[in-house]
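Since the structure comes first, as structure tokens, the remarks are kept for the end.
The values are calculated or read from the model by the stated rules, or taken from the named source; none is laboratory data. A quick note: this is a predicted structure, and the numbers were derived from the prediction, not measured. In this analysis, Cβ positions are derived from the backbone assuming ideal geometry, glycine residues included, and neighbour counts consider all displayed protein chains.
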Amino acid sequence: MAKTIIISNRLPVQLQIDNGTINAIPSVGGLATGMKSVHSDGQSLWIGWSGLTEEEIPEELEGEIDKALAEHGSSKVKLTAAEVDGFYYGFSNRTIWPLFHYFLEYSEFELSSWNTYREVNQKFADAILKEASEDDIIWVHDYQLMLVPQMVREKRPDISIGFFLHIPFPSYEIFRTLPWREEVLLGLLGSDLIGFHTYDYERHFLSSIRRILGLEVSFNDIYLESRIIKVDSFPMGIDYAKFHNAAKDHEALPKNKQSDLQRRLNTHKESTPDAKFLLSIDRLDYSKGIAKRLNAYEYFLNKYPQYKEKVRLIILAVPSRSNVPQYQLLKREIDELVGRINGELATVSWTPIWYFYRSLPFDNLIDLYTSCDIAWLTPIRDGMNLVAKEYIATRTDKTGVLILSEMAGSANEMNESLLINPNNFEQIADTIHRAIQMPEKEQKERNSVLQKRLERYNVEKWANDFMRSLTEQRDKDPTYVAQ
Ligand code: ADQ
């Protein structure tokens, strides 16, 4: 029976070895969260890195680890610490990530990490080639694996390959600064279908294809030798029912069953009836604009001092890529900013910012989404931003205001939120004021439109649309003969 092979840098579970016991912990992050519902049908295999380097896996546990992963429909690619360093912390997160998010000044162009990126991509391609049978469909994910489609295509010209990029594809002017730009484009063109979150990213990609490779492009079809490659946008949705139902269950909980966090949030609300909670949740990443947001918050409190003692900003930052120096610097900057703002503005009964630097269990995430009056998400660049969608999905009574950066891919589909430019502090301060003042009726009107859309364009539809388009592309190919 034909299967789907999903391939991404990280598996949907991360392994930890604790005193010889193997724990498989579900991964945090947009991709892992989003693909969960696709991967649970038992007819797919997920290939990726386990999160442990070869040096960290004792030989005697190897078999047990493979068994634990197989239980999650997964299979691992083995990487050494040096490979993880060059491929993941190096080329993926010090070259591609900053470049594709328009942080050109953070991008490092190092031949050795590019070489490791190529070698590791080959390892992933080999793992696919070992598992793939004739009719299988291969779905490659994200910027860490952009060479994999071509590497698989070389050996298996007949096989169906889709690629989805979860981050923005930058404009030609940015992309062309990459020394290995041709190789990256040709790597991606091993696919039959290349998907992006938005039409803009798709346009940028096609422009690079034309100008760098000089290939013929007609609408969203690229002609390469005897093949036609389709490029399209597939805005990723969320598991709407999961978030909406979790919020409902959560609201039905008696007081004694509530989490500590929930009780603490409730106590504050009860003691200050006109208190407002602003929520911001991100991985700790410079693209998410957390430091700018903190400065903008201070600006807001100075412009609208009537909200001092009433408004609280809850910042949840999930530790991420802490081996990369830019992330360490950012962590320090945020720690200092939170300390300074709280130090300067706090009173005996009021702390302006509650800052959590950790990953929280799903239930606590729901506590925060359901208790906060305003979600304030201001990435400087973001492929999509699923947190914006999750917040709206949990608002069961349809109240709540979403303030969202225009620079997030999700802004294209969330026009009913309050859209802001993350660099415009004046506009941000006025928008927070507007959000606090927004009548409930208006909140509900905006959120019912958003909820209907999110419910319809959920993650299942996203995956199905992508798979359907990939299958259609294969069936259009005159050289393909179904077995
Ligand atoms: P991310 O940059 O990781 O994803 P995002 O889309 O916001 O960003 O997804 C984060 C996910 O992690 C959400 O599903 C959220 O629920 C979860 N999460 C956040 N904080 C958490 C915490 N403290 N504890 C537990 N879970 C937490 C990348 C791109 C995005 C793109 C996604 C999907 O950078 O632009 O939207 O992939 O394509």
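A residue that is polar (S, T, N, Q), away from the ligand (no atom under 16 Å from the Cβ) and out of contact with any strand residue (DSSP E or B) (no Cβ under 9 Å at 6 or more places or on another chain) cannot be found anywhere in region 229-248.
Of all strands (runs of 3 or more DSSP E) completely enclosed by region 218-286, which ones contain at least 3 residues that are free of Cβ contacts under 8 Å to residues at least 12 places away in the same chain and under 27 Å from V311 (Cβ atoms)?
So the answer is none; nothing clears 3.
Only one residue in E173, E182 is surrounded by fewer than 20 Cβ atoms within 10 Å (Cβ to Cβ), out of contact with any Leu (no Cβ under 8 Å at 6 or more places or on another chain) and farther than 19 Å from R10 by Cα. Which one? E173 is the lone residue from the list that is surrounded by fewer than 20 Cβ atoms within 10 Å (Cβ to Cβ), out of contact with any Leu (no Cβ under 8 Å at 6 or more places or on another chain) and farther than 19 Å from R10 by Cα.
Residues that are away from the ligand (no atom under 16 Å from the Cβ) and more than 30 Å from L294 (Cβ to Cβ): does region 264-279 have at least one? No, region 264-279 has no match at all.
Conditions tested, residue by residue: (1) in contact (Cβ under 8 Å) with a residue 40 or more places away in the chain; (2) hydrophobic (A, V, I, L, M, F, W, C); (3) surrounded by 13 or more Cβ atoms within 10 Å (Cβ to Cβ).
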| position | (1), (2), (3) |
| --- | --- |
| L313 | yes, yes, yes |
| S349 | yes, no, no |
| D367 | yes, no, yes |
| I374 | yes, yes, yes |
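For E344, the conditions (1) surrounded by 15 or more Cβ atoms within 10 Å (Cβ to Cβ); (2) in a helix (DSSP H, G or I); (3) not basic (K, R) all hold with the exception of (1).
Where residues in region 306-323 are in a loop (DSSP other than H, G, I, E, B) and within 15 Å of the ligand (Cβ to nearest atom), which of them is modelled with the lowest pLDDT? Lay out the reasoning, then the answer.
As a first pass, look at region 306-323 and keep what is in a loop (DSSP other than H, G, I, E, B): 308-310, 319-323.
Keeping just the survivors that are within 15 Å of the ligand (Cβ to nearest atom) gives 319-322.
Details: P319: 89, S320: 87, R321: 88, S322: 84.
This residue is S322.
Is it true that K331 is more than 21 Å from K276 (Cβ to Cβ), basic (K, R) and either within 16 Å of the ligand (Cβ to nearest atom) or over 25 Å from the mean Cα position of the chain (by Cα) (or both)? So K331 fits the description; yes.
Restricting G86, G90, G162 to those that are touching a helix residue (DSSP H, G or I) at 6+ places or on another chain (Cβ under 6 Å) and either in contact (Cβ under 8 Å) with a residue 60 or more places away in the chain or closer than 22 Å to G195 by Cβ (or both) reduces the list to G162. Has region 425-437 got at least one residue that is without any contact (Cβ under 8 Å) to a residue 60 or more places away in the chain, part of a helix (DSSP H, G or I) and under 23 Å from the mean Cα position of the chain (by Cα)? There is no residue in region 425-437 that is without any contact (Cβ under 8 Å) to a residue 60 or more places away in the chain, part of a helix (DSSP H, G or I) and under 23 Å from the mean Cα position of the chain (by Cα).
The criterion of at least 1 residues that are out of contact with any His (no Cβ under 8 Å at 6 or more places or on another chain), of a type outside the set (G, A, S) and within 16 Å of the ligand (Cβ to nearest atom) is met, among helices (runs of 4 or more DSSP H) falling completely within region 136-211, by 199-208.
Residue-by-condition table, conditions (1) within 26 Å of H141 (Cβ to Cβ); (2) among the charged types (D, E, K, R):
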{"residue": "D363", "(1), (2)": "no, yes"}
{"residue": "L368", "(1), (2)": "no, no"}
{"residue": "D373", "(1), (2)": "no, yes"}
{"residue": "W376", "(1), (2)": "no, no"}
{"residue": "P379", "(1), (2)": "yes, no"}
{"residue": "V387", "(1), (2)": "yes, no"}
{"residue": "E390", "(1), (2)": "yes, yes"}
{"residue": "G400", "(1), (2)": "no, no"}
{"residue": "S405", "(1), (2)": "yes, no"}
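Note on region 281-300: residues that are over 19 Å from Q437 (Cα atoms), surrounded by 18 or more Cβ atoms within 10 Å (Cβ to Cβ) and of a type in the set (G, A, S) amount to 2. Regarding region 75-91, can at least one residue be identified that is modelled with pLDDT of 95 or more, surrounded by fewer than 22 Cβ atoms within 10 Å (Cβ to Cβ) and more than 30 Å from I22 (Cα to Cα)? There is no residue in region 75-91 that is modelled with pLDDT of 95 or more, surrounded by fewer than 22 Cβ atoms within 10 Å (Cβ to Cβ) and more than 30 Å from I22 (Cα to Cα).
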